[in-house]
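All remarks here apply to the structure that follows.
The values are calculated or read from the model by the stated rules, or taken from the named source; none is laboratory data. Keep in mind the model is a prediction, meaning the values are calculated, not measured. Please note: Cβ atoms are built from the backbone with ideal geometry, for glycine as well, and neighbour counts cover all protein chains shown. Accessible surface areas use protein heavy atoms only, side chains included; no ligands, DNA or RNA. Shrake-Rupley method; radii C 1.70, N 1.55, O 1.52, S 1.80 Å.
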Amino acid sequence: MIIYMLVDLLSAHKAGFKDYTELRAQTNTSKRVSFLSGNMTVNAQTSEGGVSARVYRGGTYGFASGAEYTADSVTSVLAAATDNAAFMDRRVNKGQPPLPSVTERNVEWRSIPSEDVAQSLLIDFAKELDSIIAGKYKNLSSRAVMVNCLDIEKLLYVSDGADSHFYQPRSLVYVFLTADTSDGVPVELFKPLGGLGRFDALFSDPSLLMQDIDELYESLMDKREGVYSNAGLRKCVMHPDLAGILAHEAVGHTVEADIVLGGSVAAHNVGNQVASELVSMVDFAHTALGEPCPLPVYVDDEGVIAEDATLIDHGILKGFMHSRESARHFGVKPQGNARGFTFSDEPLIRMRNTAIIPGTSKLEDMIASIDDGYYLVKTGNGQADSTGEFMFAVELGYEIKNGKLGRAIRDTTISGVAFDMLKTVDMISDDMIWICTGFCGKKQPMTVGMGGPAIRCEVNIGGR
């Protein structure tokens with residue numbers, strides 16, 4: 001049985017911090033169960049934890065970590081990080097001043113459970129859900145049900161800033177459905193369900209998921225009869241899921257300050273128009289539009305109290321996401337964007353809950369306004385680089401003919417340059433949809449939220 005609640009072995013060391021210091025204990029607990037066409041293929045439970053220290057001196061960091069969380073290990077790791085910082089300072093000799101001070105206070109967001117969620121609960125749930133799917137849908141060539149739970153607990157003490165104790169559980173159920181077209185080509189769709197919370201709080205009865213899975217199956221049957229899209233620059237409506245992922249990948253990464261310093265397209269565009277005046281984009285910390293974010297961050301791993309970071313305001317690029325060090329470089333205030341995924345990861349500048357702000361249009365009016373275009377609903381794998389160029393797979397979409405949805409389309413791609421594409425946005429829906437079911441993969445994984453409304457824009461779409 002996994003035991004939650006990190007015992008405080010760190011605070012006794014804080015009085016001895018001489019330089020800027022971060023001392024962090026962390027555990028990541030993962031549970032996974034998978035069924036493929038009725039057969040259990042994965043039944044895994046792992047826990048990774050330990051302690052790390054990072055010390056700043058003269059413009060360089062010294063970092064050290066250890067997989068044991070004991071009093072002796074904490075002492076050893078802290079000493080190693082301090083020695084590493086002194087060594088790097090002597091060798092590099094940057095001569096930089098101390099990092100800027102930030103707000104100091106203690107932040108606790110725990111709600112840590114006293115009991116573990118049994119692995120057998122995940123197995124029974126997945127098995128029953130798979131059985132329901134097998135009995136209800138007769139036109140499938142294969143099916144898969146996956147359960148993935150990740151609990152992260154962090155205890156942080158810093159020399160300057162907010163000490164914190166943080167616990168965040170995320171529980172997801174993925175359903176994959178596959179069918180064959182009339183010419184024998186397999187087509188697949190999947191749907192993630194769940195989000196922030198423990199499994200036993202989010203999932204009580206597999207039958208309660210069937211409305212979502214019914215919609216998934218209907219979309220798969222549409223796709224099974226789908227046609228190829230016509231390649232070219234086309235007027236499209238992007239579903240919020242797709243618009244949110246595109247904003248994260250093709251825009252969000254270009255305005256992370258470490259990537260900006262590496263030469264991203266955003267580097268010289270602060271104050272310039274990079275999107276339609278309808279487009280505003282914010283990296284929210286923990287609350288968005290009066291509601292909790294899907295993966296709230298109250299304090300980052302540098303002890304900075306998390307605040308919202310406005311990235312684009314009515315089409316104008318306003319700023320970047322920062323660590324303490326990059327914020328000093330640009331002469332701005334850090335807002336809590338530095339996070340590490342495991343105890344042995346140094347904090348990197350990361351997005352938290354990045355979204356385009358809703359507009360005033362109705363989705364049905366956006367579709368009705370297009371004579372010949374596409375409604376793009378689900379995306380798959382994709383890539384974007386620091387120039388803002390992107391290419392994403394589209395796994396579900398529909399023709400729009402004379403303002404009405406037509407036939408589904410087969411798998412295709414969209415591509416372009418993010419800031420050019422955003423300048424063509426001329427309608428934004430008034431709803432807001434969040435997703436928090438994947439990981440951001442910048443050097444190390446990270447749980448993130450992304451979201452927004454539907455947008456109408458012009459984008460290059462692939463053909464047969």
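Here are a few things to note about the model shown:
- Residues that are among the polar types (S, T, N, Q), within 25 Å of the chain's Cα centre (by Cα) and under 23 Å from Phe166 (Cβ atoms), drawn from segment 6-38: Gln26, Thr27, Asn28, Thr29, Ser30
- Against the test of being open to solvent by 40 Å² or more (accessible area, probe 1.4 Å) and touching a helix residue (DSSP H, G or I) at 6+ places or on another chain (Cβ under 8 Å), the options Ser101, Ser65, Ser76, Ser120 yield a single qualifying residue, Ser65.
- Residue among His286, His268 that is outside the structural domain of Asp163 (by TED's automatic domain parsing) and under 14 Å from the mean Cα position of the chain (by Cα): His286
- Residues (open to solvent by 10 Å² or more (accessible area, probe 1.4 Å), farther than 30 Å from Phe176 by Cβ and out of contact with any Ser or Thr (no Cβ under 6 Å at 6 or more places or on another chain)) located in segment 43-55: Arg54
- Restricting Phe190, Phe166 to residues that are assigned by TED's automatic domain parsing to the domain that holds Gln119, touching a Lys or Arg at 6+ places or on another chain (Cβ under 7 Å) and aromatic (Phe, Trp, Tyr) narrows the list to Phe166.
- The helices (runs of 4 or more DSSP H) found wholly in segment 171-290 and carrying at least 3 residues that are crowded, with 21+ Cβ neighbours inside 10 Å occupy 210-224, 240-246, 257-261.
- Subset tally (residues that are farther than 30 Å from Asp426 by Cβ, part of a loop (DSSP other than H, G, I, E, B) and open to solvent by 60 Å² or more (accessible area, probe 1.4 Å)) for segment 294-347: 6
- Listed conditions (1) at pLDDT 95 or above; (2) open to solvent by 20 Å² or more (accessible area, probe 1.4 Å) are all met by Leu150, apart from (2).
- Restricting segment 1-42 to residues that are of a type in the set (S, T, N, Q) and surrounded by 14 or more Cβ atoms within 10 Å (Cβ to Cβ), the residue that is farthest from Asp89 (Cα to Cα) is Ser37.
- Evaluated against (1) at pLDDT below 95; (2) in the same structural domain as Asp431 (by TED's automatic domain parsing), Gly252 falls short on exactly one condition, (1).
- Candidates Thr437, Thr412, filtered to the one that is among the polar types (S, T, N, Q) and either assigned by TED's automatic domain parsing to the domain that holds Leu193 or within 16 Å of the chain's Cα centre (by Cα) (or both): Thr437
- Within segment 133-162, considering residues that are touching a helix residue (DSSP H, G or I) at 6+ places or on another chain (Cβ under 9 Å) and assigned to a helix (DSSP H, G or I), the one nearest to Phe190 (Cα to Cα): Ile133
- Flag if Ile133 is surrounded by fewer than 18 Cβ atoms within 10 Å (Cβ to Cβ) and either modelled with pLDDT of 90 or more or assigned by TED's automatic domain parsing to the domain that holds Gln168 (or both): no
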